[in-house]
Structures are given as structure tokens and as C-alpha cells.
């Protein structure tokens, strides 16, 4: 009878045990990291205390004393710094969320159009993408704001488009009327918000279009031909056959574009839109709490982007190939 | 680690990272935080002659200025910096190195300026900065203010064609203002008092602020009155704009150094007082040589001899040369000359002396005794 299985297990010493050593190394590294961080923090705390700048968030409840041009959250100068920052955050979210929706829409259309049978349309999409993504965003924003939007006529000579009036005092949707030389009523977008949205959407959409183009290109040619042979129209092919398969490739790429858009929204400060970063800049100037304000900013942008990532990962799980 | 090494380390960090202008603030703050955390030698908590020694060892002074404000600090047609703020830097360089040109200038926005000073990127901030309690206090920005070199007040400029004549006329209008300035707060305070609604549009730099105003995005622009007058001269049609009579605030402008480094702040303070004392004593860049010869020849002129460093050791008590006063006057002149050349009758701005006259003429410019 073969007795191989009954061979008594050799007792491996712990330092030869790969699993144990692995764990130990990990634990040692973790401990080292913790100690290093604790040392740095203690050092920072001690130095700041010596400089009379102990880290604190007490200033958040002090009255801010400055006004903000436009807020969704009701805010006045006598409110606290905390509320001012919250108003700024909401302004940022306003840009990010509407920017995401508009940029996705434009990006998908441009990306899909680059497969059009019409050479003119294909050419236009190429020119758009190459032009926009090779020019720095800051430059584009400054261009849109100072060269385009600030060149609009004053309110009493506003440009009238169907359902839309463009003037130096803002972009008015849904029938604003001229009262005493000022446009009133309707839905008003400030020029700053309009310029920021335009710049961000046009810039991000170029990148999204490339992601979409890559996704569509990843769908085998046979799928197009099969759909065509079923007698589907080009739009139907795209909607029913190609896009569902392309999404698997598109969604992970979109994730990083969305995160870029959220981060790029902080360039608002260059064109006078009061986003989180702009409000934080005023706050740190008035309070002198530079380190706290920037830690807070870092944390908020980090959480915002992690949330976007989490949402996109959830979408990714929905669209990926169900393997059985 | 000793303090000097710490500062040199910071400098090398800053020099090796050419950080883009618009996003210098966060980087400077993070650097400041990192350096405080790692090195254990915060720039703000040193005492003695720390920064002054660093400047002397380096052989040049780094000065943070606005860089785009005629009369205060701007580059003239030849690309050379000029203005009241610049002359203060030149005076300090003259006192330190006997050469007013040993200054490196950094253009800073209002929001960048304090971070640049705190992180050690600039030695002295000479950027029309308003002195306030919270900027001075340890619990606030923790700065050290040198004597006020220009007493100003906040004003509002509007196009004449708008027909606006006072603050109430701005009800419901949009007002352009620079981000991170006391101006922004004064504006909010005054309109709160008046109970008048308005919209503040904030930009990061003066160029953007005045650019947006000129393009008609806002009905008015607000800043220090001297600054409005200065910028107005560079408008395409200066005569189309008017500065309203309302004065919104007191704006005492002066240079700044970091807290708790008395070496540099004392030197800067007395270099400024030297220009003021020179005007009080009737010494200027033209008669300096005669006055020096006169002081040397007349042992009974005690005040003059001490002031010009002919006798005593006032200069070396500050860590400067004994004859720092003649050096300063020879290179930039006395306060009156500095004023006239940059913002007064000898300049395009043609501002009245007003509060900035010597106390002898009923103004606020006054030097403590050199003794």
C-alpha cells in the first residue's frame, strides 16, 4: 500500500512560510507608514503651535463678511465661512453636474458622427477634436469669457434668438422682457457660468468623443454588416447593436474624463465664477487659515471624485459582459 | 537642523519648481505645510537675524510686488521696475548691498502674496498691502507690517456716461472687484450699511478686473483710490471714467515681512523711516553730498551726524552698514522725492500729497527719532 499521503507534514519554520512572511512584511510596512505619518503630523502640529497657527476649524463659524455673486443656497455676507464654502461647493456641483450631462451628450454625438458615411461630417468632427484638445483649457475659458461672452451687446440691444436672449448682463432663457433698460423674467444664466459651461463642455466633449470613437471602433465590423443585412437603419444599428457593445469599452474611459471635468471646474476662478475654489481663496485670505482651507479643499475634491468614480463603477457593472 | 539650512532648503525647492502663476497659491501652501512637517524649522517662528542673514549670504533681495500697477510697481518701457513699492525694495537693497539694483522682483496676485511670503519665496512683500488687525495678528495672517508708506482710501470708478454719482446709484448693479482683498470686504460692509443690493464679480488679477470693467460687464469697479487713478491713466479714454466722491474705507498701504523675524522687519522699518526723516531734515538726493560734508565738518551737529552715520553705530545696531542712510538717500531720495517721482506731480498720476504730507505740513508721515 502506498503511504505517500500519510507522510507527516514537515513543520516549516515561520520565516520560511511565504504566507506568514508576506503578512508580517505587510504589517511591518503598515506600521512604518503609520509611524511616519504620525511623526509628520506631530511635527506639523508642534511647529504650527510654535508659530501660533494651531490647526483649528473654529473660524468656520465666524461671519464671512464677503458677498458671493450668485448662489443657489441663500447666502448673505453676515453668514458664516462654513456656509460660504457650502454655497461655493453647491456652485461647483451645479457646474459639474450640468457639465457632465451636456459634455456626454455632445461627446457621444461627435464620437458617433466620426463614423458617419458623410465625409464632411467626419472631417468636421476630426477638426473639432484636434483643435479643442490641443489647446489648454485655461486659454479656452479665458477666450470664451473675455473674447466671446463679454463682447455681447448691452441689455437694451440684446441678441434675440428663439427662446433665448443674449446680453452682457446674462443669458436669458424663456422670454425675458426689457424693463427699464434691464432684462427681467425668464431663466437667467450669468455670463460667468455660461462661459465656464461652454468652455468645459466643449473641451471635455472632445475627449469623450475620442473615448466613444474608440468604443465604437472596438465593435467588430461583422456586427455592423450583420445588422445591415437585417435591414436596420444606420441610427438603429448604432442604437440597438453597436452602442450596447461599445459601452463596455466606453464606460471605463468616461470615468476618467468625468473626473477631469470635475477637477477642471476649479478653473472657474479665472473667469469670475464663484465656485468652491474661488470662495476658498477669499476665505483663506481673510482668515489666514491656509493649511486648513487647503486640506478641506483637497478632501472635498477627493470625495467628489471618488463619488463620481463609484457611480461610474456601478454603471460599469451594469453594462459589462455577463459571463457565465 | 538649524534655521539657515531650513530656509536654504525652501529656496532651492522654490527655485527648482517653476510653478505656473495662476496656481501658485495651493502649491505654496502645500509646500509650506510639507516643509513645516518635514524639517521642523518653520519660517515663522524664528527669532534674531534669520532672514536678514540669508539675504546677505544670497547677495540679493527678493521682493514680492504687484508688477502691473503704475505708480506703485510696474515695468516701464525699458522693462525696468519702477514705483513707490519698488523704491522701498531698492532702498533696502541699497542699505544692504550699497546697490539698489540687487533686487529680484516677483509679480504676485493678492491671493498669492501672503503664501509667497510665508513660504519664503519672497523676503519682503512690497505690494500695496493694507494694514489690518487680522493681517497683523498671530491668530490671523501673522504678518509684520512696516510703516505705512501710502495712506489711501477705497473708491469706486464708473463710466461718466452711466450717470451714476454716488454709491446708492449702484443699487442692483454689478461691481467688479479683485479676489482676496480688503476691498472686497469693505464693499460688502458699506452696501450692507446702506441696505443696497449689488452683485460682486470677483477676479483673480487686476488685469481681469479692469478688463471686465472696460468691456462693460460691470457698472463700476472698486479699489484703492490711488490705484483707480493709476489704472485710469492706462485706459484708452481716461476722460470717460470718473472716481466717485465716496471713500469706503481707510487703506494704509505698506510693505510686509513675516512675523517674529525682527532682523528683517527692523531693517525695513528704519530704512523707510530714514526716507521720511530725510525729508523732515531737508536732506534729498541732490544736497546729500553737501549735507554729508557739512556733518563731517561740524562736530556740533549731533542729530545730523548720527542720522548720516558720521558718528555712532545706529546702522550696525540694525545689522546694516553704519552709513545706510546716505546709501538709501543717494539711490532713491527722500520720501517726498519718492512720492513725487512715482505718484505725485512728477508722474503721470499727479496725485495730491494729501494725508501723505510730512507731519510738519499737516500730514501723517512721521519718523521716530534716529537715536
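Details
- Annotation note: of A:256, A:266, A:260, the sole residue that is assigned to a helix (DSSP H, G or I) and free of Cβ contacts under 8 Å to residues at least 40 places away in the same chain is A:256.
- Single unsatisfied condition, residue B:210 versus (1) within 14 Å of another protein chain (Cβ to nearest Cβ); (2) at pLDDT 90 or above; (3) out of contact with any helix residue (DSSP H, G or I) (no Cβ under 6 Å at 6 or more places or on another chain): (3)
- Only listed residue being in the same structural domain as residue A:217 (by TED's automatic domain parsing), in contact with a helix residue (DSSP H, G or I) (Cβ under 8 Å, 6 or more places away or on another chain), within 19 Å of residue A:199 (Cβ to Cβ) and surrounded by fewer than 21 Cβ atoms within 10 Å (Cβ to Cβ), chosen from A:92, A:104: A:104
- Any hit, the range A:90-102, residues being within 14 Å of chain B (Cβ to nearest Cβ) and either within 13 Å of the chain's Cα centre (by Cα) or closer than 26 Å to residue A:264 by Cβ (or both): yes
- Extreme residue, nearest to residue B:264 (Cα to Cα), among residues of the range B:82-104 that are in a strand (DSSP E or B) and touching a helix residue (DSSP H, G or I) at 6+ places or on another chain (Cβ under 8 Å): B:103
- When A:203, A:172, A:128, A:145 are checked against the criterion of being in a strand (DSSP E or B), surrounded by 12 or more Cβ atoms within 10 Å (Cβ to Cβ) and either more than 14 Å from chain B (Cβ to nearest Cβ) or at pLDDT 90 or above (or both), A:172 stands alone in meeting it.
To keep it simple, each residue is scored yes or no on (1) at pLDDT 90 or above; (2) assigned by TED's automatic domain parsing to the domain that holds residue B:116; (3) over 26 Å from residue A:78 (Cα atoms); (4) surrounded by 19 or more Cβ atoms within 10 Å (Cβ to Cβ).
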residue	(1), (2), (3), (4)
B:200	yes, no, no, yes
B:267	yes, yes, yes, yes
B:285	yes, yes, yes, no
B:291	yes, yes, yes, yes
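- Verdict on residue A:66 being touching a residue at least 24 places away in the same chain (Cβ under 8 Å), within 30 Å of residue A:167 (Cβ to Cβ), within 11 Å of chain B (Cβ to nearest Cβ) and outside any helix (DSSP H, G or I): yes
- Of the set (1) surrounded by 18 or more Cβ atoms within 10 Å (Cβ to Cβ); (2) touching a residue at least 24 places away in the same chain (Cβ under 8 Å); (3) out of contact with any strand residue (DSSP E or B) (no Cβ under 9 Å at 6 or more places or on another chain), all apply to residue A:75 but (2).
- Residue among A:272, A:290 that is touching a helix residue (DSSP H, G or I) at 6+ places or on another chain (Cβ under 6 Å), free of Cβ contacts under 8 Å to residues at least 24 places away in the same chain, closer than 30 Å to residue B:116 by Cβ and within 14 Å of chain B (Cβ to nearest Cβ): A:290
- Taking the numbered list (1) part of a helix (DSSP H, G or I); (2) touching a helix residue (DSSP H, G or I) at 6+ places or on another chain (Cβ under 7 Å); (3) farther than 25 Å from residue A:277 by Cα in turn, residue A:123 passes all entries but (2).
- Subset tally (residues that are within 11 Å of chain A (Cβ to nearest Cβ) and over 14 Å from the mean Cα position of the chain (by Cα)) for the range B:104-122: 5
- Residues of the range B:153-177 classified as buried (at least 19 other Cβ atoms within 10 Å of the Cβ), more than 10 Å from chain A (Cβ to nearest Cβ) and outside any helix (DSSP H, G or I), total: 6
- Failed item in (1) within 22 Å of the chain's Cα centre (by Cα); (2) at pLDDT 90 or above; (3) surrounded by 24 or more Cβ atoms within 10 Å (Cβ to Cβ), with residue B:228 passing the rest: (3)
- Taken together, B:205, B:126, B:111, B:119 contain a single residue that is in contact (Cβ under 8 Å) with a residue 60 or more places away in the chain, touching a strand residue (DSSP E or B) at 6+ places or on another chain (Cβ under 6 Å) and on the phi < 0 side of the Ramachandran plot, which is B:126.
- Residues in the range A:132-142 that are in contact (Cβ under 8 Å) with a residue 40 or more places away in the chain and either closer than 16 Å to residue A:205 by Cα or more than 11 Å from every other protein chain (Cβ to nearest Cβ) (or both): A:132, A:133, A:137, A:138, A:140, A:141.
- Subset of the range A:206-243 (residues that are over 23 Å from residue A:121 (Cβ atoms) and assigned to a helix (DSSP H, G or I)): A:222, A:226, A:229
- Hits in the range B:323-366 - residues which are more than 19 Å from residue B:71 (Cβ to Cβ), in a loop (DSSP other than H, G, I, E, B) and in contact with a strand residue (DSSP E or B) (Cβ under 9 Å, 6 or more places away or on another chain): B:366
- Verdict on residue B:244 being surrounded by 20 or more Cβ atoms within 10 Å (Cβ to Cβ), closer than 30 Å to residue B:60 by Cα and more than 11 Å from every other protein chain (Cβ to nearest Cβ): no
- Considering residues of the range B:71-81 that are within 12 Å of the chain's Cα centre (by Cα) and in a loop (DSSP other than H, G, I, E, B) only, the residue modelled with the lowest pLDDT: B:71
- If you go through the range B:132-152 and keep only what is within 14 Å of chain A (Cβ to nearest Cβ) and assigned to a loop (DSSP other than H, G, I, E, B), you end up with B:132, B:137, B:138, B:139, B:140, B:141, B:142.
- Residues of the range A:288-315 classified as closer than 30 Å to residue A:49 by Cβ and in a helix (DSSP H, G or I), total: 14
The values are calculated or read from the model by the stated rules, or taken from the named source; none is laboratory data. This one's a predicted model, so the numbers in the text were calculated from it and none came from an experiment. All Cβ positions, even for glycine, are placed from backbone atoms using ideal geometry, and neighbour counts span all protein chains on display.
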